[in-house]
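To start, the structure itself, in structure tokens.
The values are calculated or read from the model by the stated rules, or taken from the named source; none is laboratory data. Every value quoted in this text rests on a predicted model; they were computed, and no experiment measured them. Quick reminder, even Gly has a Cβ in these numbers, built from the backbone with ideal geometry, and neighbours come from all protein chains shown.
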Amino acid sequence: MKMKRVLSMLLALILMASILVGCGKQEEPAIVDDSQTAVDTPVVEQPADEQEEKLDPELVLLEHTIAYFDNIPSNSNMIKPADALDLIENNPDALFVVDMRGQEDYEKGHLPGAVNIPLGQMGKNLDRLPSNKQIILYCYSGQTTGLAVSALKLLGFNAISFQGGMNFGWKPLELSEDTLETEVNPLPEPKTPNLTEEEQILWDAVVAFFDEGKGNIEGAEKAHETIEANPGAVYILDIRGNEDFEKGHIEGSENIPFKELGKNIDKLPKNRPIYVTCYSGQTAAQTQSLLRINGYNAFSIGRGMAGWNGAELPVATN
């Protein structure tokens, strides 16, 4: 009995000891750093700068064409023969003279210092033209140079047309043949132009125009036949002054004076041939080339109304 009591007391002591051990020093909780764990921030690449928007070639050509018409000088980009000859004689180093006639006629006699570049060869020789000189262009009547002068000015060249050409400008001066020379003058070496995107658009369009190699100048009688055979199918554009238009014009023609074409170019049709006429064909040619460069199917009537009236073709006054 006494032994049982001793055993009970021992068990009680053991139990109390185990309880005390369990309530002793508790394990310290793990220290948790509640600061955010550093995470490498992903590098977000900024989108590359968008390429500059490409220029619209049609819009570039149109804007420069309108500017050409809006800034036509009082001489209509033509120089009187006597004035041109005076410059050639007294200040030749400031000039670059281009004979646009055929090679055979050039070799028979040309203005002093002139080089020979016919219309169809102008495109491949643009890089030989000087940007720092006055360029004087001449041909037979002044009409072919009219085609060239407006196209060259579109590129920024200081070009001007010899009014009336050799037939109607030089000959009336009744100068002796010895005022001409027969020596073939070489072309300058080409220089590669440094062009902006806008300038390249203009350059390419002008080269394409010259490379076509066609003047698209139609004689008055042939133009009359075309107009008569296709009534209403041809748009006739008379760019003379209003007063002269009212005195007599081609039946069915529309009158938009030369210097007003810029603000009225949107009135011209692209779905019909356009026959341009003026006084002598020279400003009509300037107009024609710019219209063709802008996608119009344009022609000019040979010698303008001077050629039309000379052929005694009908005119209207209504």
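Just one of the numbered conditions (1) surrounded by 14 or more Cβ atoms within 10 Å (Cβ to Cβ); (2) outside the structural domain of Thr283 (by TED's automatic domain parsing) is not true of Ile227; which one?
(2)
Give me the pairs, please: first residue somewhere in region 53-75 and in the same structural domain as Lys259 (by TED's automatic domain parsing), second residue anywhere and surrounded by 15 or more Cβ atoms within 10 Å (Cβ to Cβ) and charged (D, E, K, R), beta-carbon distance under 8 Å, and either six or more positions apart or on two chains.
none
Among (1) in contact (Cβ under 8 Å) with a residue 40 or more places away in the chain; (2) closer than 30 Å to Lys124 by Cβ; (3) not assigned by TED's automatic domain parsing to the domain that holds Lys124, where does Ile201 come up short?
Just one mismatch for Ile201, condition (3).
For the condition at pLDDT 95 or above, closer than 26 Å to Arg303 by Cβ and touching a Gly at 6+ places or on another chain (Cβ under 9 Å), what is the one hit in Glu181, Glu177, Glu218?
Glu218
Based on this model, can you work out whether Val184 counts as part of a helix (DSSP H, G or I) and either crowded, with 20+ Cβ neighbours inside 10 Å or hydrophobic (A, V, I, L, M, F, W, C) (or both)?
Taking the combined requirement at face value, the residue does not satisfy it.
Can you name the residue in region 269-309 that is in contact with a strand residue (DSSP E or B) (Cβ under 6 Å, 6 or more places away or on another chain) and of a type in the set (Val, Ile, Thr) and, of all such residues, is farthest from Phe210 (Cα to Cα)?
Thr277
Taking Gly165, is it surrounded by 14 or more Cβ atoms within 10 Å (Cβ to Cβ), within 23 Å of Trp308 (Cα to Cα), in contact with a Ser or Thr (Cβ under 6 Å, 6 or more places away or on another chain) and of a type in the set (Gly, Ala, Ser)?
yes
Within the set of pairs 6+ apart or on separate chains, which have a first residue in region 306-318 that is without any contact (Cβ under 8 Å) to a residue 60 or more places away in the chain, a second that is surrounded by 10 or more Cβ atoms within 10 Å (Cβ to Cβ), and C-beta atoms under 7 Å apart?
Final answer for the pair search is Ala306/Tyr279; Ala306/Ser280.
Among the residues of region 258-312, count how many are in a helix (DSSP H, G or I), surrounded by fewer than 24 Cβ atoms within 10 Å (Cβ to Cβ) and of a type in the set (Ser, Thr, Tyr).
0
Could you check region 70-84 and list, in sequence order, the residues that are farther than 13 Å from Gly142 by Cβ, out of contact with any Leu (no Cβ under 8 Å at 6 or more places or on another chain) and surrounded by 12 or more Cβ atoms within 10 Å (Cβ to Cβ)?
Asp70, Ile72, Asp83, listed by residue number.
If you scan region 109-164, which residues turn out to be β-branched (Val, Ile, Thr) and not in a strand (DSSP E or B)?
Within region 109-164, Ile117, Thr144, Thr145, Val149 meet the criteria.
Is it the case that some residue within region 234-241 is loosely packed, with under 12 Cβ neighbours inside 10 Å and either not hydroxyl-bearing (Ser, Thr, Tyr) or not assigned by TED's automatic domain parsing to the domain that holds Cys278 (or both)?
Looking through region 234-241, none of the residues is loosely packed, with under 12 Cβ neighbours inside 10 Å and either not hydroxyl-bearing (Ser, Thr, Tyr) or not assigned by TED's automatic domain parsing to the domain that holds Cys278 (or both).
Any residue at all in region 189-200 that's among the polar types (S, T, N, Q), surrounded by fewer than 22 Cβ atoms within 10 Å (Cβ to Cβ) and under 21 Å from Arg292 (Cα atoms)?
Checking region 189-200: at least one residue is among the polar types (S, T, N, Q), surrounded by fewer than 22 Cβ atoms within 10 Å (Cβ to Cβ) and under 21 Å from Arg292 (Cα atoms).
Counting only residues that are over 19 Å from Gly142 (Cβ atoms) and in a helix (DSSP H, G or I), which one in region 85-107 is nearest to the chain's Cα centre (by Cα)?
Looking at the filtered set, the residue picked out is Ala94.
Among the residues of region 234-265, write down those that are charged (D, E, K, R) and touching a Leu at 6+ places or on another chain (Cβ under 9 Å).
Of everything in region 234-265, just one residue is charged (D, E, K, R) and touching a Leu at 6+ places or on another chain (Cβ under 9 Å), namely Glu254.
Residues to consider are Asn125, Asn185; find the one that is more than 21 Å from Ile79 (Cα to Cα), touching a residue at least 24 places away in the same chain (Cβ under 8 Å) and in contact with a strand residue (DSSP E or B) (Cβ under 6 Å, 6 or more places away or on another chain).
Asn185
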